[in-house]
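Reading through the structure tokens given below for one structure.
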Amino acid sequence: MYVPKHQPDFISAHKITRSLLNEGYLIIHSAKAIINPQQAFACRSSFLYGHTPINHMAIWEEIQRQLQSNSTYKVTISLRNTATNTPFYIEEQGFSDPKNPTILRGFWRMLSPSSVPAEVFKSVIEQHPLPAAIFNCAGEILYANAQLKQTTGNLSTNQLFQALFANTVERIAWPDFNETTHWQCTFKTHANQWLRLTVSALKPQSALLLMAVIEDVSAYFHTIQRLEKQAFTDSVTGLPNRGHLVFLVEQFLAQQPNTHLSVLLIDIDNYKRLSDRVSSNSLNELLQEVATRIERSLINSSHWTSRDNLDEFVIVLSNHSQEQSLAVTQELLKCLSRAFLVEKQLFSLTFSIGISYSSLTTDSSLASLLNKAALALRQAKLQGKNRLEIYSPSMKQQSMTTKAIEAGLPHAISLDELDLFLQPKISLEDHSLSGFECLIRWFHPVLGEVTPDRFISLAEENGFINSLGFWVINQACHIGKQWLEEGGISVPIAVNVSPKQLADPTFAEHVEQILLKQEWPAHLLELEVTESLLMEATDIALDQLKALRALGIRLSMDDFGTGYSSLASLRLLPINVLKIDRQFVQNLHKKDQADIQIISAIIGMAHSLNLQVVAEGIELIEQAEILCELGCDIGQGFLYARPMPSSQLQAWFTQYTTEKGVCHGSSLTNSYS
């Protein structure tokens, strides 16, 4: 085959292309422009640029087949103009040069649809690189190429096209091909294939025929589905993510705008500590089980569920009253309260929940309800976690206050807004002073006095707890030194320490530097850790406790009895002192044998481990007497003194030593209220 690049007898190559496409046919023959078979592919691609597809190899194989028995060949090529998306057909005829059989001479001409014989289409679809077939308006296939049967899965070629034509697969609506010459649709088969069907109307010498080309686009659509799943679904639990949940709910509300909604935000308490203790596989399995229990608990409720962030789940209930929503939530908590078995380990989790309800009198958009539920959840966590809080308008003001506290906390030290108050600890046996506990106070210029329960948890969350904790220890040692210089006695000063501080591998080293700087003896510093440390004690925390103990610092377990401590777990920590939580003391009286037995057991257990026992929250003489009889070593509470600034220590101590032993210092109960 040859195409002239330079021919004085005819028009230029550009005009040849235009003539070929618009003016019927053109015979190209010139002895000056000949090409060999290897150049044919490039020649066709260049000459027919902008028209697809051309299966060069199929065309060349058909030419070779014909030349095996004849010196001439004729093939029909199916093309589509990429600019106008219209089909057309080219007939190529040629012959081999008698003098040099490796050279082909020939011409191309464009065929009008009416001039194409029906049998020619068989050659066209056999050359087509994609699955293709010719069928009539009755759905009967006249010709089909081999690629088609490999694409149609379990359906035979006839069954596939008959099903398509009868509107039974994906309910395809066929156009009127007497008016439309080109039509395309994409559908999914029962074999989970995505196919793109392109149908062109052919009008040969006889009746209307249709040529269909099928392209398997499954890889494309499966990729889209995978990307959509990644975009809209949580990869761990399989639940929708928050963005998709919002889309689903808003889509539902667009159809049913008067639907009453309840929004629940569920947060796994202490998730960060949990994630530090278990492997990622165990954590994922745990999250999956939480999601499964949530869905199982809500099986009879109209709802949407999603996983948001790492440890938060969102539930939207539709058409539930407040009473019904609370009942559903209580049932959910009951379901989640059971221990989780993951990789042969039992995990007991607690959850904080914030709830909001739509209302006729306030903004009840989904975005507003989510924000309100978040405020309620925040309140639940600030109130100690493991609880349920329902949104109230006052929470908005509380949220603004919390934001002010968060903003001011990093500057509280530099602005000299913090102070330490001290509460005495008294020996129950001889009523002598046994030590002090330091309690931090923050005097905000706008908010006034901010109590520790309002800002310590925030300091832990935003990473400020280490700086704050070292400041407290430094101030405590400084106050102790001043106390001695003013004539005070040598007693330990206790400071509360957060588990977050013990996660710092340099914590003990920093404490040692503070002791050296303030020239305060290590044995007169007592660090109090909470019982919850036993539930989350890491190797780093245990190493820090051992290092502190090696320095000679006293270690105390605070709030004992509020968690899950046991004799075995107590032995893990190198502590000196055990503090009984105030909840066992505040209602203690001689007729309450249950609390007496509990406290007696705690004291006996502590003494068996050579631990000193301190009881917090003593307010009545009767309580002090019972504790003394049970063998408790030290008492602390309003009976002896309220927390006071360091400037009042000496005055209190002078008065207390003067009246020591008189009703356990009861005359001083209100002296520093």
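Among residues of region 336-361 that are under 21 Å from Arg273 (Cα atoms), those with a Cβ under 7 angstrom from a residue that is surrounded by 12 or more Cβ atoms within 10 Å (Cβ to Cβ) and of a type in the set (Lys, Arg), sequence gap 6+ or separate chain, pair up as Leu336/Arg293; Thr350/Lys385; Ser352/Lys381; Ser352/Lys385; Ser352/Arg387. You will find that of Leu332, Leu341, Leu366, Leu370, the residue that is aliphatic (A, V, I, L, M) and either in contact with a Phe, Trp or Tyr (Cβ under 6 Å, 6 or more places away or on another chain) or surrounded by fewer than 16 Cβ atoms within 10 Å (Cβ to Cβ) (or both) is Leu341 and no other.
Could you go through region 450-473 and let me know if any residue there is in a strand (DSSP E or B) and not small (Gly, Ala, Ser). Yes, the conditions are met somewhere in region 450-473. For the condition outside any loop (DSSP other than H, G, I, E, B) and open to solvent by 40 Å² or more (accessible area, probe 1.4 Å), Gln397 qualifies. Residues in region 242-286 that are part of a helix (DSSP H, G or I), open to solvent by less than 20 Å² (accessible area, probe 1.4 Å) and closer than 18 Å to Leu298 by Cα: Leu245, Val249. When you look at Glu625, is it touching a Lys or Arg at 6+ places or on another chain (Cβ under 9 Å) and farther than 18 Å from Asn496 by Cβ, yes or no? The answer is yes for Glu625. Contact map, region 600-619: first residue touching a residue at least 24 places away in the same chain (Cβ under 8 Å) and within 10 Å of Leu578 (Cα to Cα), second residue buried (at least 16 other Cβ atoms within 10 Å of the Cβ) and of a type in the set (Asp, Glu), Cβ cut-off under 8 Å, separation 6 or more or different chains; pairs are Gln612/Asp633; Val613/Asp633; Val614/Asp633. Confirm whether Glu526 is under 30 Å from Ile596 (Cα atoms), at pLDDT 95 or above, surrounded by 15 or more Cβ atoms within 10 Å (Cβ to Cβ) and touching a Pro at 6+ places or on another chain (Cβ under 7 Å). Judged against the criteria, Glu526 is a match. The residue that is least open to solvent (accessible area, probe 1.4 Å), counting only those in region 597-624 that are among the polar types (S, T, N, Q) and closer than 21 Å to Ile426 by Cβ, is Gln623.
Within region 86-142, restricting attention to residues that are within 19 Å of Arg65 (Cβ to Cβ), among the aliphatic types (A, V, I, L, M) and not in a strand (DSSP E or B), which residue is modelled with the highest pLDDT? My answer is Ile125.
Residue count for region 344-363 satisfying the condition of being open to solvent by 40 Å² or more (accessible area, probe 1.4 Å) and part of a strand (DSSP E or B): 2.
Surrounded by fewer than 16 Cβ atoms within 10 Å (Cβ to Cβ), within 30 Å of Leu627 (Cβ to Cβ) and over 28 Å from the mean Cα position of the chain (by Cα): is that true of Glu429 in this structure?
yes
Annotation: of all residues in region 400-425 being assigned to a helix (DSSP H, G or I) and of a type in the set (D, E, K, R), the one that is surrounded by the most Cβ atoms within 10 Å (Cβ to Cβ) is Glu406. Taken as a whole, the condition of being in contact with an Asp or Glu (Cβ under 9 Å, 6 or more places away or on another chain), over 30 Å from Asp633 (Cβ atoms) and assigned to a loop (DSSP other than H, G, I, E, B) applies to Asn386. Using the structure shown, decide if Asn462 is touching a residue at least 12 places away in the same chain (Cβ under 8 Å) and under 16 Å from Glu528 (Cα atoms). No: the conditions fail for Asn462. When region 474-490 is filtered for residues that are more than 30 Å from Lys381 (Cβ to Cβ) and assigned to a helix (DSSP H, G or I), the ones remaining, listed by number, are Cys477, His478, Ile479, Gly480, Lys481, Gln482, Trp483, Leu484, Glu485. The criterion of being open to solvent by 10 Å² or more (accessible area, probe 1.4 Å), within 27 Å of Asp419 (Cβ to Cβ) and either under 45 Å from the mean Cα position of the chain (by Cα) or touching a residue at least 60 places away in the same chain (Cβ under 8 Å) (or both) holds for His510. Of all residues in region 326-343, those being among the charged types (D, E, K, R) and assigned to a strand (DSSP E or B) number 0.
The values are calculated or read from the model by the stated rules, or taken from the named source; none is laboratory data. Just so we're clear, the structure is a prediction, and the values are computed from it rather than from any experiment. So basically every Cβ, Gly included, is an ideal-geometry build from the backbone, and we count neighbours across all protein chains shown. To get the accessible areas, we keep the full protein, side chains included, count just its heavy atoms, and leave off ligands, DNA and RNA. Shrake-Rupley method; radii C 1.70, N 1.55, O 1.52, S 1.80 Å.
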